[in-house]
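Here's the structure we're looking at; comments come further down.
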Amino acid sequence: MNIIEQLSGAARQGVKQAAEVISATRTPVKTLAQAGQRLNALTHDYVEQLLAEQARVVEGLIDRGVDRLQRLARADSALSLVREQSELGSDGRRLLARDAGKLWKIVASTGREIGALASDTYAELIHGTPTVTAPVARRKPAKKAASKRARAKKSR
């Protein structure tokens, strides 16, 4: 075997090895792309839930502000005004705690889902173990409290 045949064989072997290395990158790229898609879906879902909850909170603040003003207008004495405002203050604190709890649940749930995605992706990249996780389920948007407000207006 002459030198040209040896060099040619070595070049073929090098090219073959390069093709195998490049081919092996397909799986990690696919894994990362899928993880990116899942992360995108999670963040969109998070923002959607957060905006819906914030809109509900602002609507509630407006409704409570209107209620305060209406009670203020109906007050027949300073004592009744103070009593009404005191009741509304404790209700306001309760509702604020409830709203903060709902926001925290959204943040915590999304954090858990992103953590699971990161763990799954890491395991798949490092160990080559494809993880079988459920696709991101779309959460139902928060129900509006329109019927509750309508009942409150009727009782006035």
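For a straight C-alpha distance cut-off of 13 angstrom, no aspartates and glutamates are reachable from Lys16 once same-chain residues fewer than eight places away are disregarded. Think of segment 1-132 as having a plus end and a minus end, set by charges on the Cβ of Lys, Arg, Asp and Glu; of Val29, Ala41, Leu81, Leu81 sits farthest toward the positive end of this dipole. Taken one residue at a time, the phi angles of segment 27-44 give Karplus couplings (6.51, -1.76, 1.60, θ = phi - 60°) of 5, x, 5, 5, 4, 5, 5, 5, 5, x, 5, 5, 4, 4, 4, 4, 5, 5 Hz. Gly and Pro are set to x.
The solvent-accessible area of Leu79, taken with every protein chain present and a 1.4 Å probe, is close to 120 Å². With all protein chains in place and a 1.4 Å probe, the accessible surface of segment 4-57 carries 65 percent carbon and sulfur. Tell me the net charge near Gly101. Cut-off is 12 Å between Cβ atoms, Gly101 excluded, with +1 for each Lys or Arg and -1 for each Asp or Glu. Here the charged neighbours net out to +2. Per residue, the accessible area of segment 1-113 comes to 73 Å², computed with a 1.4 Å probe over protein heavy atoms only.
The simple Förster model, with R0 at 41 Å and r as the Cβ-Cβ distance, assigns Ala75 and Ser109 a FRET efficiency of 0.45.
The values are calculated or read from the model by the stated rules, or taken from the named source; none is laboratory data. Remember, predicted model here, so these are calculated numbers, not experimental data. Heads up, the Cβs are rebuilt from the backbone with ideal geometry, glycines too, and the neighbour counts pull from every protein chain shown. The accessibility values were calculated without ligands, DNA or RNA, using every heavy atom of the protein model including side chains. Shrake-Rupley method; radii C 1.70, N 1.55, O 1.52, S 1.80 Å.
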